[in-house]
Amino acid sequence: MKTLRFETLQEAHIPSILNIENRTNSAPWSERSFRNELDHQHGIFVAAIEDGEVIGYGGVWLVIDEAHITTISIDESHRRQGVGERLMKELLLRAKEKGMVCSTLEVRASNDPAVRLYEKLGYKTTARRKGYYPDNREDALVMWMHNLSEWEPRKG
Ligand SMILES: CC(C)(COP(=O)(O)OP(=O)(O)OC[C@H]1O[C@@H](n2cnc3c(N)ncnc32)[C@H](O)[C@@H]1OP(=O)(O)O)[C@@H](O)C(=O)NCCC(=O)NCCS
């Protein structure tokens, strides 16, 4: 049976993360951006490890009392197996433990899988930012979860 665990970002995870990022994201984060997350004073960054292999990652910035999701990606060959949902729950739980009371994120308007994932967890779309993404001028949806302080991962 495969085992999935979550580890706080370490330097050794970064090469695998960059591989996934460059395959996944049309405007990929640089190596430096990931390195900045290693000792981010107000951030949480987690790698999803299955049988010793990095198969996904995600991060959140802690802005006063808001957990701002900055990125999440699951390697394409491991999608639709519940990993993204478990990773989001891990991030939200860690953010809640650090006293965050709500959570927000931006997502490309066309990114149906991600929008559905966030809706499943309880986020609601509250605004649309026209032409937000510089690479293709796509709109962003702004989504919020206002009740992180009462949120329980099993209910998500
Ligand atoms: C979005 C992403 C993280 C989802 O990860 P995943 O591991 O495949 O998602 P899960 O298997 O945990 O799915 C959880 C829920 O998300 C939704 N979902 C995920 N993929 C979906 C798809 N292709 N179509 C529709 N809904 C989808 C569903 O609600 C699903 O719940 P269900 O299985 O009960 O239907 C993944 O598709 C990904 O890495 N995409 C590329 C990077 C990206 O777009 N990140 C988001 C940036 S804002």
At E152 and E50, where each label point lies 7 Å from the Cα along Cα→Cβ, what is the point-to-point distance in nanometres? 2.8 nm
Could you name the aspartates and glutamates in cross-link range of K98, using Cα to Cα under 14 Å and dropping any fewer than eight places away on the same chain? D65, E66, E90, E150
Order of exposure, largest accessible area first, which applies to T126, T70, T104 with probe 1.4 Å: T126, T70, T104
Given Cβ charges of +1 for Lys and Arg and -1 for Asp and Glu, the option among G82, G52, P28 whose Cα lies farthest towards the positive end of the dipole of region 1-90 is G82
With only Lys, Arg, Asp and Glu charged, each at its Cβ (+1 for the first two, -1 for the last two), find how big the charge dipole of the chain is about the Cα centre; round to the nearest 20 debye. 500 debye
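Across every pair of different alpha-carbon atoms, what Kirkwood hydrodynamic radius in Å does region 1-71 reach?
The answer is 12.7 Å.
Which order do V54, V63 take when ranked by solvent-accessible area (1.4 Å probe, heavy atoms of all protein chains), largest first? Walk me through the numbers on the way to the answer.
Details: V54 15, V63 70 Å².
Sorted descending by solvent-accessible area, the residues read V63, V54.
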Mind checking which lysines have their C-alpha under 17 Å from K120, skipping anything on the same chain fewer than 8 residues away? K89, K155
Please report, in Å, the Rg and the Dmax of the chain, where both are computed over Cα atoms only. 14.9, 45
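The values are calculated or read from the model by the stated rules, or taken from the named source; none is laboratory data. In this text, all values refer to a predicted model and were calculated from it rather than measured experimentally. Cβ coordinates were reconstructed from backbone atoms using ideal geometry, including for glycine residues, and neighbour counts include every protein chain displayed. What goes into the accessible areas is simple: the full protein's heavy atoms, side chains included, and nothing from ligands, DNA or RNA. Shrake-Rupley method; radii C 1.70, N 1.55, O 1.52, S 1.80 Å.
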